[in-house]
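Q: Let me begin by handing over the structure; questions about it come next.
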Amino acid sequence: MPSLVRTLLLMAACAALPAQAESFISRLLNKPVPGGVAVVPLGEAPVAPVVTYRDRRTMVLRDDTGQWLSVVGIPLDTKPGAQRIVIQEEAGSRTVAFEIRDKVYAAQHIKLKNKRQVNPDPADLARIEKETAEQLAAYRAFRPHGPSNVMFDRPVEGGRLSSPFGLRRFFNGEARNPHSGLDFAVPAGTPVKAPAAGRVILVGNYFFNGKTVFLDHGQGLVSMFCHLSEITVQPGQEVARGEAVGRVGATGRATGPHLHWNVSLNDARVDPAIFIGAFKP
Ligand code: ZN
């Protein structure tokens, strides 16, 4: 190809780039896959629009260009293809479509010596049912302000990321729920710190999760830390970014000490790696 033509083609390609730079929020968080996050532009408006996805309020943030963005958590069981959010405005409501891409998650086989943790007995099941309801309610928290930061700090210092989010899990060969969070391989006793400011909305000692803390960061963004050896906060307490909420342990259904961290957005458990810039497509 003659070099002049090549230069002209290159110039045309550059001119085709969007005039508006993609915002920091989109670059960081827009991973529209099952178990990911979709950042949907809403345009400009004097006040933040109210947006829902599957009847849950979504987070709405303003980017550096003044445009509103809906930040939507995508449940792991969502099929690739078109999804819709509903935007309530003074003039009425409108829907905006966005596209979910496919993502394939790996399988993981785990051996547990404690058979009761694989097939709980009837008394355990009654306890699990009550505990599940309590925790599901916590994930539905929504308060209008926040979060203090969408780029989260890592909740523990050091430690490799061990089990990723979304692994299709088999306990002693039996299929169970996929991995709802991200694991950090860190020693027992390591302090667990709030990745952003938040309010403690629930603490408990649960059959599967062991000692657990739920932290509401605002606008439907909720962190859950579990298998802790110790909890150092109380329900209702406001926690600053970086403040400790407990210590790493191996309580509940855990094969050894590690931190399990869930991140939930509009009641959808999403990949915490997205919020620390460690997402792998
Ligand atoms: Zn885990």
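Q: Suppose the filter is crowded, with 19+ Cβ neighbours inside 10 Å and within 12 Å of the ligand (Cβ to nearest atom); does GLY166 pass it?
A: Working: crowded, with 19+ Cβ neighbours inside 10 Å: yes; within 12 Å of the ligand (Cβ to nearest atom): yes.
In short, yes.
Q: From the list PRO195, PRO281, PRO187, which one is under 29 Å from PRO32 (Cβ atoms) and open to solvent by 50 Å² or more (accessible area, probe 1.4 Å)?
A: Values: PRO195 fails: open to solvent by 50 Å² or more (accessible area, probe 1.4 Å); PRO187 fails: under 29 Å from PRO32 (Cβ atoms).
Of PRO195, PRO281, PRO187, the one residue that is under 29 Å from PRO32 (Cβ atoms) and open to solvent by 50 Å² or more (accessible area, probe 1.4 Å) is PRO281.
Q: Give me the residue from the stretch 177-192 that is of a type outside the set (A, V, I, L, M) and within 26 Å of LEU76 (Cβ to Cβ) and, out of that set, modelled with the lowest pLDDT.
A: Filtering the stretch 177-192 down to residues of a type outside the set (A, V, I, L, M) leaves 177-181, 183-184, 187, 189-191.
Remaining after also requiring within 26 Å of LEU76 (Cβ to Cβ): 177-181, 183-184.
Details: ASN177: 88, PRO178: 94, HIS179: 95, SER180: 96, GLY181: 98, ASP183: 97, PHE184: 97.
Residue satisfying both the conditions and the ranking: ASN177.
Q: Give me the pairs, please: first residue somewhere in the stretch 173-196 and assigned to a strand (DSSP E or B), second residue anywhere and among the β-branched types (Val, Ile, Thr), beta-carbon distance under 7 Å, and either six or more positions apart or on two chains.
A: If the second residue must be among the β-branched types (Val, Ile, Thr), the pairs left are GLU174/VAL118; PHE184/VAL156; VAL192/VAL156; VAL192/VAL245; VAL192/VAL248.
Q: Something else now. Can you tell me which residues in the stretch 103-142 are touching a Gly at 6+ places or on another chain (Cβ under 9 Å) and acidic (Asp, Glu)?
A: GLU131, GLU134
Q: Identify, please: which residue in the stretch 234-266 is β-branched (Val, Ile, Thr) and open to solvent by 10 Å² or more (accessible area, probe 1.4 Å) and is, among those, modelled with the highest pLDDT?
A: Looking only at the stretch 234-266, we keep the residues that are β-branched (Val, Ile, Thr), and these are 239, 245, 248, 251, 255, 263.
Narrowing the set further to residues that are open to solvent by 10 Å² or more (accessible area, probe 1.4 Å) leaves 251, 255.
Details: THR251: 97, THR255: 86.
For the stretch 234-266, the residue satisfying everything is THR251.
Q: Which members of the stretch 48-90 meet the condition of being of a type in the set (Gly, Ala, Ser) and at negative phi? Walk me through it before giving the result.
A: In the first step, residues of the stretch 48-90 are kept if they are of a type in the set (Gly, Ala, Ser); the result is 48, 66, 70, 73, 81-82.
If the condition is that a residue be of a type in the set (Gly, Ala, Ser) and at negative phi, then ALA48, SER70, GLY73, ALA82 are the ones that fit.
Q: On to the next question. Taking the stated definitions as given, is PHE214 surrounded by 20 or more Cβ atoms within 10 Å (Cβ to Cβ) and within 14 Å of the ligand (Cβ to nearest atom)?
A: For PHE214, the condition - surrounded by 20 or more Cβ atoms within 10 Å (Cβ to Cβ) and within 14 Å of the ligand (Cβ to nearest atom) - is not met.
Q: Could you give me the residue pairs with C-beta distances under 7 Å whose first residue belongs to the stretch 217-228 and is at positive phi, whose second residue is small (Gly, Ala, Ser) wherever it lies, and which are 6+ apart or on separate chains?
A: GLY218/GLY146; GLN219/GLY146; HIS227/GLY210; HIS227/GLY249; HIS227/ALA250; HIS227/GLY252; HIS227/ALA254
Q: Let me ask something additional. Return the residues of the stretch 207-226 that are among the aromatic types (Phe, Trp, Tyr) and in a strand (DSSP E or B); say none if nothing qualifies. Break it down stepwise before answering.
A: Taking the stretch 207-226 first, the residues among the aromatic types (Phe, Trp, Tyr) are 207-208, 214, 225.
Passing the criteria: PHE214, PHE225.
Q: Can you tell me which residue among PRO147, PRO120, PRO178 is in the same structural domain as ARG269 (by TED's automatic domain parsing), under 30 Å from VAL245 (Cα atoms) and within 16 Å of the ligand (Cβ to nearest atom)?
A: Values: PRO147 fails: within 16 Å of the ligand (Cβ to nearest atom); PRO120 fails: within 16 Å of the ligand (Cβ to nearest atom).
Testing whether each residue is in the same structural domain as ARG269 (by TED's automatic domain parsing), under 30 Å from VAL245 (Cα atoms) and within 16 Å of the ligand (Cβ to nearest atom) leaves just PRO178.
The values are calculated or read from the model by the stated rules, or taken from the named source; none is laboratory data. Please read all numbers here as calculations on a predicted model, not as lab measurements. As a convention, Cβ positions derive from the backbone with ideal geometry for all residues, glycine included, and neighbour counts pool all protein chains shown. What goes into the accessible areas is simple: the full protein's heavy atoms, side chains included, and nothing from ligands, DNA or RNA. Shrake-Rupley method; radii C 1.70, N 1.55, O 1.52, S 1.80 Å.
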